[in-house]
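The values are calculated or read from the model by the stated rules, or taken from the named source; none is laboratory data. Remember, it's a predicted structure, so these values are computed and weren't measured experimentally. Here the Cβ positions follow ideal geometry from the backbone for every residue, glycine too, while neighbour counts run over all protein chains shown. Quick note on the areas: whole protein, heavy atoms, side chains included, nothing else; ligands and nucleic acids left out. Shrake-Rupley method; radii C 1.70, N 1.55, O 1.52, S 1.80 Å.
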Amino acid sequence: MKILLVNPPHPAIGSRIPHEHLPPLGLLALGGPLIDARHEVRLLDADRQALPASTIAALAAHCQPDAVLLGHSGSTSGHPSALQVAAAVRRALPRAWIIYGGVFPTYHWPEIMESELQIDFVVRGEGERTIVELANALALGLDLGEIPGIVRRNNAVSGPARAYDPNASDWVLANRPAPLISNLDAYRIGWELIDHPLYTYWGDRRAVVVQFSRGCPHQCHYCGQREFWQTWRHRDPVTFAAELARLHREHGVEVINFADENPTASRPAWEAFLKALIAERVPLILVGSTRATDIVRDADILPLYRQAGVARLLLGIESTDEATLRRIRKGSTQAIDREAIRLLRQNHIISMAAWVSGFGGETDRDYWRTLRQILSYDPDQIQGLYATPHRWTRFAAEEAGRKVIQTNLSRWDYKHQVLESPHVPNWRVLLWMKTIEAVAQLRPKSVYRLLAHPDPGFRAAMRWYYRIGRQVWPYELWHWLFTDRRSKTGPLLAEFLGLQSPSRANPALHSPAQPGRSVGVAPAG
């Protein structure tokens, strides 16, 4: 069967501001197994060039695929773009199956299947096994009812003849959930689907996105990754290191960007990976995210991090207030966060501190204290984010009574304010955010590292980050002043997200759903 993977354009600042782009790992993770199952697979990365939906549909029509797979890494903020693309593709390819997967459709499939008739199937949860079973069934005309992990329309029939049976009633049927993939090495990434020179990062260096692990063992209340991935699992450390080395030797890849939520969760597994990569003797640059607690735990092996090529780690400190850290279940403290940043600096690894505004009733005094605390932490780089209440998180349930000021889901990307600030006007929250970023990045210590750090790689990375910052700042301010449409009379979060029903607040991904006459009565969990 001919299958087209489509990465819709994402409106987020991180996609639109830098001229550099990273390959869509999620779609490549589906492409490898589909190729191995003998399907003809192509990738259309519309995000890289920000293609309009009409152009995407025309390119898709030229390919004449039997099925179009839509997926995106932006979760909520990427959803509106995915729907626009799906509608355009449906008009151009009325007989092709349109399949939609990812985190957002996994939890919002009832509304999607009710209102977006161009979507034939939703894949819930991990897709590598499910998409191969679905593609095989569609190609061979097999029964769709026994494929775990899919939501389908009753009038979608398998086989090459038609995408729809117009005589069937349009029920929505949710098959039983798919089991978790316990062996992450069982399905390979379809690296052959991309032209590697087109994907760069870290100053025009050839780059890829990878996953060493999936999930996170921690229970931060604002994060939905634990619910989606369920269990922390990791790839074989030696096999994974060999794959990264091959990407360097065969495709000239220089930068490895980890998409893991918590790649260092298991010290033995992570240490084994570092040693295996060091043994490969490839000059790779590794960047990613981890927890401050893991850095402090690994103080004695941080030289291994550096030797393996770890150049920067983002630490989600989230808040500098001890009470807030306890309330959001971060599992860290001010002392741990400060020590982690010190240890990274000691080993010439760039520390990026990510902190979040909007976890509660911040006042002007709280923002002033945050600024002083961040300066005392002394991170090399800083990233300010806004709390974003995705429906499947505990945070959304706890904040159900707050007012939504941004109803455009494409702005739910952590870089736009979504919730009303109860004690500080939202315009002043923006000023505090920009002030904290400016003071942190322009303080003498930071400028010294930018201009005179003894490690030339460190200096180059700092210059690259500052260049992006100079573009992001005016972009964010322009959007705030002239393009973002915020509402002073927006709905409550419970109403906007449909949290009135307990099953809607956090639908169980791994419990069976029963079919109903319409999506409105088909339970999500």
Self-check item: Per residue, in Å², the accessible surface of the chain once ligands and nucleic acids are set aside, probe 1.4 Å
Solution: 40
Quiz item: Where q = 0.29 Å⁻¹, what log10 of I(q)/I(0) comes from the Debye formula for the stretch 238-282, counting one point per Cα?
Solution: -1.12
Quiz item: Using 7 Å Cα-to-Cβ label points, what is the His221/Arg326 separation (nm, one decimal)?
Solution: 1.3
Quiz prompt | Proximal lysines to Lys488, defined as alpha-carbon separation beneath 30 angstrom and excluding residues fewer than eight positions away on the same chain | solution = Lys403, Lys415, Lys434
Quiz prompt | Cα-based Rg / Dmax (Å) for the stretch 206-248 | solution = 13.3, 38
Quiz item: Using a 1.4 angstrom probe and counting only protein chains, how large is the accessible area of Ile285 in Å², to 10?
Solution: 40
Quiz prompt | In range of the label at Leu375: residues from the stretch 329-350 whose backbone nitrogen is under 14 Å from the point 7 Å along Cα→Cβ | solution = none
Exercise. Provide the solvent-accessible area of Val210, counting protein heavy atoms only and rolling a 1.4 Å probe, rounded to the nearest 10 Å².
Key: 10
Quiz item: With every protein chain kept in the model, how would you rank Ser376, Ser213 by accessible area, 1.4 Å probe, largest at the top?
Solution: Ser376, Ser213
Exercise. Give the ranking of Asp321, Asp298, Asp66 by solvent-accessible surface, highest area first, calculated with a 1.4 Å probe.
Key: Asp66, Asp321, Asp298
Quiz item: How much of the accessible area of the chain, probe 1.4 Å, is carbon plus sulfur, in whole percent?
Solution: 55
Self-check item: 18 Å tail of the calculated P(r), the stretch 308-414, as % of Cα pairs
Solution: 54
Self-check item: Per-residue [θ]222 nm for the chain (sum of -39500 (n - 2.57) over DSSP H runs n ≥ 4, rounded to 500)
Solution: -12000 deg cm²/dmol
Practice problem: Would you kindly calculate the translational diffusion coefficient of the stretch 384-484, applying Stokes-Einstein with the Kirkwood radius from alpha carbon pairs, for 10 °C and a viscosity of 1.306 mPa s, and quote it in µm² s⁻¹ without decimals? | Solution: 101
Quiz prompt | Approximate spin-label separation Ala460-Ala438, in nm, with each point projected 7 Å along Cα-to-Cβ | solution = 3.1
Quiz prompt | Percent antiparallel among DSSP beta bridges (both partners in the chain, rounded to 5) | solution = 25
Quiz item: Taking 0.36 nm per intervening residue step and subtracting the Cα-Cα distance, what contour gain separates Ile468 from Lys445 on full extension?
Solution: 6.3 nm
Quiz item: Residue farthest toward the positive end of the dipole of the chain, with Cβ of Lys/Arg at +1 and Asp/Glu at -1: which of Val310, Thr76, Thr393?
Solution: Val310
Quiz item: Thr333 to Ile301: FRET efficiency via 1/(1 + (r/R0)^6), r the Cβ-Cβ distance, R0 25 Å, to the nearest 0.05?
Solution: 0.70
Quiz item: Using heavy-atom solvent-accessible surface (probe 1.4 Å) with all chains present, what is the largest-first order of Glu437, Glu111?
Solution: Glu111, Glu437
Quiz prompt | Isotropic mean projected area of the C-alpha convex hull, the chain (nm²) | solution = 22.7
Quiz item: Put a dot 7 Å past each Cα toward the Cβ at Asp364 and Thr407; how far apart are the dots in nm?
Solution: 3.2
Practice problem: Would you please give the FRET efficiency between Ala58 and Arg188, computed as 1/(1 + (r/R0)^6) with r the Cβ-Cβ distance and R0 = 35 Å, to the nearest 0.05? | Solution: 0.65
Quiz item: How much accessible surface area, in Å² rounded to 10, belongs to the heavy atoms of Trp473 with a 1.4 Å probe?
Solution: 80
